[in-house]
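Following: one structure in structure tokens, then a few remarks.
The values are calculated or read from the model by the stated rules, or taken from the named source; none is laboratory data. Predicted model only: the values in this text are computed from it and were never measured. When we count neighbours, we look across all protein chains shown, and the Cβ atoms used for this are built from the backbone with ideal geometry, even at glycine. In case anyone asks, the SASA skips ligands and DNA or RNA and just uses the protein heavy atoms, side chains included. Shrake-Rupley method; radii C 1.70, N 1.55, O 1.52, S 1.80 Å.
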Amino acid sequence: MAAKWRELADRLAEQIRSGDYAPGAQLPQIRDLVEAGEGSKSTVHQAYKALEAEGLVTSSRGHGTVVRPRTPLKRLGIARYDKAKWRDGDEVAFIADRVASGREYKRNEQTQTVSRVEASDAVAEGLGVPVGSEVYARARLVKEGTQPTHTLTSYYRPEHVEGTRIVDPTPGPAGRGGGYRVLYDAGYEIDHMREALFARVPTADEVKLLQLPSGEPVVELHRTTYTADGTVVEYAIGLHAASRFAWEYDFKVPDSAQDGKGQK
């Protein structure tokens with residue numbers, strides 16, 4: 001049997017998720033719930049703390065406990081990779097999402113570590129190299145303010161990126177225009193991509209890293225980036241907090257019969 005504070009927290013969480021308490025609405029004062037027979041002051045306080053830990057509410061002196069706004073970031077589809085953004089400007093993918101969402105950003109909200117690692121089965125298949133080959137891994141953690149939004153680890157063949165800004169661990173994008181501009185300058189202009197998405201339950205380490213509320217799933221992204229001749233220049237795996245993004249795709253509807261070629 002669950003503790004009384006847990007039962008109260010679960011009931012209030014369900015009311016928040018169902019819209020009984022709208023974003024920005026104030027939850028009842030602790031003393032009001034105590035008087036209504038919901039439990040002791042300690043019980044109600046612990047329930048509210050649990051809701052705060054789950055990312056459903058914020059508490060502050062003078063404002064009480066308020067339901068958090070939950071407007072997700074736009075996570076653009078193909079538009080976030082527009083060459084004009086990174087080749088001719090300085091709008092890398094995560095910044096393109098912020099601009100489209102009307103949200104502020106700082107370049108150093110992307111931190112990273114760079115290392116040479118042995119290619120796993122998935123990475124080897126993605127890059128088209130033997131399993132166990134040495135590849136570069138550029139692992140990024142992106143935050144909005146202090147809250148993590150997603151991780152992204154890009155893998156590269158050493159011969160494509162050795163000595164470039166891509167292997168520089170300095171926080172922020174890899175110079176003006178980011179990694180795709182680096183590849184472009186090195187003669188590897190990106191031409192097309194393949195992305196695969198799926199939702200899953202996060203691991204305990206992922207919950208901690210992304211500061212996920214209890215029960216929130218993650219969306220895992222696998223991205224393969226090609227040049228016009230089919231050379232793979234990046235294989236990336238990203239992990240996104242499900243509630244912090246709204247995925248948006250805008251594309252031309254194909255007609256393989258008219259084009260004379262089938263779709264994979």
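Could you give the alpha-carbon Rg of the chain over 2.2 N^0.38 Å, rounded to two decimals? Please list the in-between numbers first.
On the way: Rg = 22.5 Å, N = 264, 2.2 N^0.38 = 18.3 Å.
Taking N as the residue count of the chain, the ratio is 1.23.
Per-residue ellipticity at 222 nm for the chain, helices alone: DSSP H runs ≥ 4 residues times -39500 (n - 2.57), over residue total, nearest 500 deg cm²/dmol?
Calculated from helices alone, the mean residue ellipticity at 222 nm is -7500 deg cm²/dmol.
Assign one of three labels to region 168-234, namely rounded, prolate or oblate, based on the Cα gyration tensor with a ≥ b ≥ c the square roots of its eigenvalues; rounded applies when a/c is under 1.5, prolate when it is not and a/b is larger than b/c, and oblate otherwise.
Verdict is oblate for region 168-234.
Considering only Cα-Cα distances, which of the following residue pairs are longer than 20 Å: 74/208; 74/143; 49/208; 49/74; 85/106?
Exceeds cut-off: 74/208; 49/74.
Could you check which residue among 110, 15, 211 shows the biggest mean-square fluctuation in a GNM of the chain with a 10 Å Cα cutoff?
15
Cα convex hull of region 106-198: mean projected area in nm², to one decimal? Walk me through the intermediate numbers first.
Working: hull surface 26.7 nm².
Across all orientations, region 106-198 yields a mean hull projection of 6.7 nm².
Using a 1.4 Å probe on the protein heavy atoms, what percent of the accessible area of the chain belongs to carbon and sulfur?
Of all accessible area on the chain, carbon and sulfur atoms account for 51 percent.
Build a GNM of the chain with springs between Cα atoms under 10 Å: which of 97, 88, 205 gets the top mean-square fluctuation?
205
What Rg and what Dmax come out for region 138-256 when only alpha-carbon atoms are used, in angstroms?
16.0, 46
Would you please classify the overall shape of region 1-48 from the alpha carbon gyration tensor, given that a ≥ b ≥ c denote the square roots of the eigenvalues, rounded means a/c under 1.5, and beyond that prolate means a/b larger than b/c while oblate covers the rest?
oblate
Rounded to the nearest 0.05, what FRET efficiency is calculated for residue 15 and residue 197 with R0 set to 41 Å and r the Cβ-Cβ distance?
Numbers: r = 31 Å, r/R0 = 0.75.
E(calc), rounded to 0.05, equals 0.85.
Just need log10 I(q)/I(0) for region 52-159 at q = 0.16, 0.18, 0.20, 0.24 Å⁻¹, Debye formula, equal scatterers on the alpha-carbon atoms, no solvent, rounded to two decimals.
-0.90, -1.02, -1.11, -1.24
Starting from region 186-264, pick out the chymotrypsin sites (Phe, Trp or Tyr not before Pro) whose DSSP state is loop and whose Cβ has at most 14 other Cβ atoms within 10 Å. Please report the intermediate quantities before stating the final value.
On the way: sites: 188, 198, 226, 235, 245, 247, 249, 251; in loops: 188, 249, 251.
For chymotrypsin sites (Phe, Trp or Tyr not before Pro) across region 186-264 that sit outside H, G, I, E and B with at most 14 neighbouring Cβ atoms in 10 Å, the list reads 249, 251.
As I understand it, the value is the acute angle between the Cα axis of helix 41-53 and the longest principal axis of the Cα atoms of the chain; what does it come to in degrees, rounded to 10?
Result, in degrees: 10.
Quote the convex hull volume per residue of region 204-264, based on C-alpha atoms, as a whole number of Å³.
Each residue corresponds to 141 Å³ of Cα convex hull volume.
Measure out, as a whole number of angstrom, how far apart the alpha-carbon centroids of region 187-223 and region 34-76 sit.
So the separation of the two Cα centres works out to 27 Å.
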